[in-house]
Amino acid sequence: MQKSLSILFLVTAALASCQAPKQSNYQFQVSDLEPNLITLASDEFQGRRPFTAGEEITIKFLEDEFKKLGLEPGNGDSYYQDVPMVSIVSKSSETMELKNPNSSVSLTGFQDFVMWTQKTDSLVEIKDAEVVFAGFGIVAPEYGWDDYKNIDVKGKIVVVLVNDPGFGTEDVSLFKGNTMTYYGRWTYKYEEAARQGALGCLIVHNTIPAGYGFNVIQGKHHQPILYLDDRGKETNKLGFEGWLTLPSAKKLFEMAGKNDSELLSAARKPDFQGMPLGVNLSASIQVEAEYNVSKNVVAKLTGETKPEEYLIYTAHWDHFGIGKPDETGDSIYNGALDNASGTAALLALAKAFATDQTPDRSVIFLAVTAEEQGLWGSAYYAENPIYPKQKTVANINMDGINPYGKMKDVSIIGSGQSEMEDLLNVELEKLGRYSAPEPNPVAGYYFRSDHFNFAKIGIPALYFGTGIDHVEKGKEYGKQLQDEYVAVYYHKPSDEYHTSRWNLDGAVDDVQILYNVGKSLANSDKWPNWKAGSEFKAVRDSYMKSSPTQSTDK
C-alpha cells in the first residue's frame, strides 16, 4: 500500500510539473554581449563583407560559438545554408550626357550621379535614350494610384522621385502620410520600372525623404554589389539603376523647361500624368561579374513538446568590408552597431535558451548574409526555407542594439502591423517600460531589415529599435543621439565599438525583452497573426486556414 501511494505521489507530481508554465529565469548581463561584440567589430574580421576573408572568419566564429553552446546544426547536419550569389562591379562612364535640340549638360560620376547594373554582360551602353519623368514611379491600385498610366516607357529612362506622395503632406489619407510605404522604397521603384519595360531608372535623391545622405549611395560607386544568383530564372532587369543628386535633377528639369517644385506638387496628385522630358541620355557601364556562394549560419534548439513548431531569431552578420578610406585614413567598415551588436545579441539569446529550461517549441538562431547588399540572405531563406512557413510561428529580428544606456521605451518598427507588438507590450509593461512608434517613420526602416522577407511570405515579424526616452536625460537627448549616429557613424568606418561612447546597460535591457517575448511564445500555443489592414495578413491567412490557433487570444 505504501509503495502504491509513493508511485501515485510521483505520478501526480510529474503531471503537475508538466502542466506548470515554464518560467524565464535567465537574466542578461553586459558580459553576455560585450566580448562577442568586441570580437565581431574588430579589425581582424575585416568588416565582415561576403565573399572575402572577413566572411570566412565570421561564419567560422559563429559556427564555433553555436557548437560551444551545444546547439544543433540548423540545416540537417550543417550549420550553414549556402546562398548562391553574383558579385557585380559596375564601372560607369565618368560622365552622363544629357542633351536636347537646344542644350546639353554633362554630369560627373560619383559627384552628380551613381549608377550600376544587375546585368552580367561585359558592357551596358546607353546611347541617346529618351528620358521620361514618372512622378514617384508607383503603381498602387489600393491607393488608386498609377504613375505609369497612359505613358510608354519601354526602352526609355525613367526618372522618379524618392519616397511616396504622402511624405511632407501631413495627410495620413495620402498613402500613409509621413510614414513611408513599400512604394517609397528605392527597391520597389526599380522593380516597377523593370515591370514597365524601362531601360533604366534614376531616383532623384533628397536627404530628408530618403532618410540618408547621398554619401550612402556614393558607397556603391564602382564597388562590388551582390545579388542572388538567378541564372535559369525568368527575371525582369533594368539596363541600369541609379540615383541623381537633387541639383543634377534640377538641371535636367530645367533643360525640359520644367520647375522641380511644380513637378513635385503635380506628382502628389492622383491624376498626375507622366511626361517625356524631351531630353536624351547617354552613358555606359563596364561590368565585371563573379559568381560565388555566401552562407547563412543557422543553429537549432529542439523544442521539448512541439519540436515541429519554430520561432526564428535573425540578425545579419555582414557589413561592408574594406572600402573607401575616411578622412582619418580608416578603410575598415567595422559595423559595430550595424550589425555586430545584433549578431552578438543573437549569440547571447542562443546562450540563454541553451542554459534555461528547454522550451516547448523549437528555437532557430539564423545569422544571415548580405543584408547590406539588399537583404539577400534572408530573401534566399524565405525562398528556400529550411523550416516550413506553415510551421514557423514568428520571426524576431535584431539590427542594431541600443548603445546609449537605459531607455524607458523601445521604438516599434512598423507599428500596428502584427500581434507580435501586443506580446512585446505585455513583456515591456512587466518591466515598467513602454513601446512607441518609430521616431523617424519617413526612413522606411520596416523595409530595410531582414524581418521584411519573413513578412513578405506571411510570417509575423517583430523588429524594434532603440527608444529615445532616455532614463536620465529624456526624449530630446535620445533623439539627438540617434540623429548623430546617422550623420556621423552610419555605414562609415567610424562605426566602431568604443567604451567611451557606448553604454551597454540599455542593450542588456532590450535583449532581455527580446528573450522574454521569445520565451513566452516558445512555451505557448499562440499563433500570432497580422493585424487587420496589414498587407501581409492575407498572405498568412491563405496558407494557414486549416490551423486551429491563429491569434494571441487563443
Exercise for the section: State yes or no: is D509 assigned to a helix (DSSP H, G or I), surrounded by fewer than 19 Cβ atoms within 10 Å (Cβ to Cβ) and of a type in the set (D, E)? Expected result: no
Exercise for the section: Say whether the condition of being buried (at least 19 other Cβ atoms within 10 Å of the Cβ), outside any loop (DSSP other than H, G, I, E, B) and in contact with a helix residue (DSSP H, G or I) (Cβ under 9 Å, 6 or more places away or on another chain) is met by at least one residue in the stretch 490-506. Expected result: no
Fill in the blank from the handout: Here the residues within the stretch 38-92 that are under 27 Å from Q286 (Cα atoms), in contact (Cβ under 8 Å) with a residue 40 or more places away in the chain and among the small types (G, A, S) are G47, G54, S87, S90, S92
Practice task
Could you please find all residues in the stretch 364-421 being of a type in the set (A, V, I, L, M), outside any strand (DSSP E or B) and either touching a Pro at 6+ places or on another chain (Cβ under 6 Å) or closer than 20 Å to L337 by Cα (or both)?
Solution key: A370, L375, I401, I413, M420
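In the stretch 304-333, how many residues are part of a strand (DSSP E or B), more than 30 Å from A352 (Cβ to Cβ) and either in contact with a Ser or Thr (Cβ under 6 Å, 6 or more places away or on another chain) or without any contact (Cβ under 8 Å) to a residue 24 or more places away in the chain (or both)? Outline the logic, then answer.
Taking the stretch 304-333 and keeping what is part of a strand (DSSP E or B), we get 306-316, 321-322, 332-333.
Then keep just the ones that are more than 30 Å from A352 (Cβ to Cβ); that gives 321-322, 332.
Filter again for either in contact with a Ser or Thr (Cβ under 6 Å, 6 or more places away or on another chain) or without any contact (Cβ under 8 Å) to a residue 24 or more places away in the chain (or both), leaving 321-322.
Here the count works out to 2.
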Exercise for the section: Could you grab me the full set of residues in the stretch 214-237 that are surrounded by 15 or more Cβ atoms within 10 Å (Cβ to Cβ) and assigned to a helix (DSSP H, G or I)? Expected result: F214, V216, I217, Q218
Fill in the blank from the handout: Residues of the stretch 467-501 being touching a Ser or Thr at 6+ places or on another chain (Cβ under 7 Å), among the small types (G, A, S) and free of Cβ contacts under 8 Å to residues at least 60 places away in the same chain, in sequence order, are none
Exercise for the section: Answer yes if at least one residue in the stretch 429-452 is closer than 17 Å to L521 by Cβ and buried (at least 21 other Cβ atoms within 10 Å of the Cβ), and no otherwise. Expected result: yes
Practice task
Please determine, by comparing only the residues of the stretch 453-464 that are part of a helix (DSSP H, G or I) and of a type outside the set (K, R), which one is surrounded by the fewest Cβ atoms within 10 Å (Cβ to Cβ).
Solution key: N453
Problem - Residues satisfying the stated conditions in the stretch 465-482, i.e. within 30 Å of D422 (Cβ to Cβ) and in a helix (DSSP H, G or I) - result: G474, K475, E476, Y477, G478, K479, L481, Q482
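Look at V486 and say whether it is of a type in the set (A, V, I, L, M, F, W, C), within 21 Å of the chain's Cα centre (by Cα) and assigned to a helix (DSSP H, G or I). Walk me through it before giving the result.
Working: of a type in the set (A, V, I, L, M, F, W, C): yes; within 21 Å of the chain's Cα centre (by Cα): yes; assigned to a helix (DSSP H, G or I): yes.
Yes.
Results for (1) without any contact (Cβ under 8 Å) to a residue 12 or more places away in the chain; (2) in contact with a Lys or Arg (Cβ under 8 Å, 6 or more places away or on another chain), shown as yes or no for each residue.
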site: L246; (1), (2): no, no
site: A249; (1), (2): no, no
site: K258; (1), (2): no, no
site: E262; (1), (2): yes, no
site: S265; (1), (2): yes, no
site: Q273; (1), (2): no, yes
site: S282; (1), (2): no, yes
site: I285; (1), (2): no, yes
site: E288; (1), (2): no, yes
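Between F51, F66, F61, which is at pLDDT below 95, of a type in the set (F, W, Y) and outside any strand (DSSP E or B)?
Working: F66 fails: at pLDDT below 95; F61 fails: at pLDDT below 95.
Checking each option against the conditions leaves just F51.
Being outside any loop (DSSP other than H, G, I, E, B) and of a type in the set (S, T, Y) is the filter; apply it to the stretch 334-363 and report the residue that is surrounded by the most Cβ atoms within 10 Å (Cβ to Cβ). Before the answer, list the steps.
Our first condition is that a residue be outside any loop (DSSP other than H, G, I, E, B); within the stretch 334-363, this holds for 336-355, 361-363.
In the following step, the residues that additionally are of a type in the set (S, T, Y) were identified as 341, 343, 355, 362.
Working: S341: 29, T343: 31, T355: 11, S362: 25.
So the residue we want is T343.
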Exercise for the section: For A266, state whether it is assigned to a strand (DSSP E or B) and of a type in the set (G, A, S). Expected result: no
Problem - Qualifying residues in the stretch 197-213 (those that are surrounded by 23 or more Cβ atoms within 10 Å (Cβ to Cβ) and in a loop (DSSP other than H, G, I, E, B)) - the one nearest to the chain's Cα centre (by Cα) - result: H205
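I'd like the residue in the stretch 422-436 that is free of Cβ contacts under 8 Å to residues at least 40 places away in the same chain and outside any loop (DSSP other than H, G, I, E, B) and, out of all such residues, is farthest from Q512 (Cα to Cα). Full working, then the answer.
Taking the stretch 422-436 as the starting set, the residues that turn out to be free of Cβ contacts under 8 Å to residues at least 40 places away in the same chain are 425, 429, 432, 434-436.
Going one step further and asking which of them are outside any loop (DSSP other than H, G, I, E, B), we end up with 425, 429, 434-436.
On the way: N425: 13, E429: 13, Y434: 14, S435: 15, A436: 18 Å.
Among them, the one singled out is A436.
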Practice task
Being under 30 Å from Y381 (Cα atoms) and of a type in the set (S, T, N, Q) is the filter; apply it to the stretch 78-105 and report the residue that is surrounded by the most Cβ atoms within 10 Å (Cβ to Cβ).
Solution key: S90
Fill in the blank from the handout: Exception for Q81 within (1) part of a helix (DSSP H, G or I); (2) touching a Gly at 6+ places or on another chain (Cβ under 9 Å) falls at (1)
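Step by step: first the residues of the stretch 159-187, then only those that are part of a helix (DSSP H, G or I) and surrounded by fewer than 20 Cβ atoms within 10 Å (Cβ to Cβ), then the one that is modelled with the highest pLDDT. Which residue is that? Outline the logic, then answer.
Step one: of the stretch 159-187, the residues part of a helix (DSSP H, G or I) are 182-184, 186-187.
Next, only the ones that are surrounded by fewer than 20 Cβ atoms within 10 Å (Cβ to Cβ) stay: 182, 187.
Numbers: Y182: 88, T187: 91.
Once the filter is applied, the top-ranked residue is T187.
The values are calculated or read from the model by the stated rules, or taken from the named source; none is laboratory data. Predicted model only: the values in this text are computed from it and were never measured. Note that we place each Cβ from the backbone using ideal geometry, even for glycine, and neighbour counts take in every protein chain shown.
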